[in-house]
Every structure is written in C-alpha cells, then in structure tokens.
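For reference, the structure is listed below as structure tokens.
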Amino acid sequence: MKNIQPLDIWSDGITKTAVCLKLYISYDDLETRAALQYSLCDVDGATIYEGQLQITGDDYLNWGASSDSNTEAYIIAATQLNLTLA
C-alpha cells in the first residue's frame, strides 16, 4: 500500500476521499505482460474504488530491472491512473 495525494471520488451518492493505493498481481505471463488489481481506499483502509490495469511493453520489460520492483509497480500504476504518490 502507498499513500497518494487525496482524491475525491463520487461513490454511492457520496463524495469520498481516497488517500491510498493498494495493488496485487492477478496475472503475469513472465514474458510480456502482467495484470494488477488495484484499490483506492480511504483513511480507514476501506475500498472506495477498484479495478484492473495492465503492464505491457517497455513498462513490463523495465519493471523487473528495478532493485525495488514493488515500488516500480506502484509508480507504473499511479502513472496509468493519473495519481500522485505521496
């Protein structure tokens, strides 16, 4: 889990504020692509919004080259989701 700059999200008729991003790998073919499940959560860790994103191309090829591939996954996800890591 990584903190993000607060983001207001409309959820079930209420505006909620997401403050963290959670990720886990749901698929990885170990060659060309991976799928990540993500959750945006509030200050209590409750999920406000969730979805899936793909890591492919150069992002996938460079992902494992980092000494901290977990942090790199969060950077890739934040970029794709247009979020700012705090």
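Please treat every number below as a calculation from the coordinates, not as lab data. Please read all numbers here as calculations on a predicted model, not as lab measurements. Note that each Cβ is placed from the backbone with ideal geometry, even for glycine, and that neighbours are counted across all protein chains shown.
If the label point is 7 Å along Cα→Cβ of SER26, which residues in the stretch 34-67 have backbone nitrogen under 11 Å from it? Flagged as within label range: 35-39, 50-54.
The angle between the Cα long axis of helix 69-81 and the main principal axis of the chain comes to about 60°, on a 0 to 90 degree scale.
Remark on ILE9: its backbone amide H falls under 5 Å from those of LYS16, THR17, ALA18, a criterion applied only to residues 5 or more positions apart or on other chains, H modelled at 1.01 Å from N.
Against the empirical 2.2 N^0.38 Å scaling, what ratio does the C-alpha Rg of the chain come to?
On the way: Rg = 13.4 Å, N = 86, 2.2 N^0.38 = 12.0 Å.
That works out to 1.12 for the chain.
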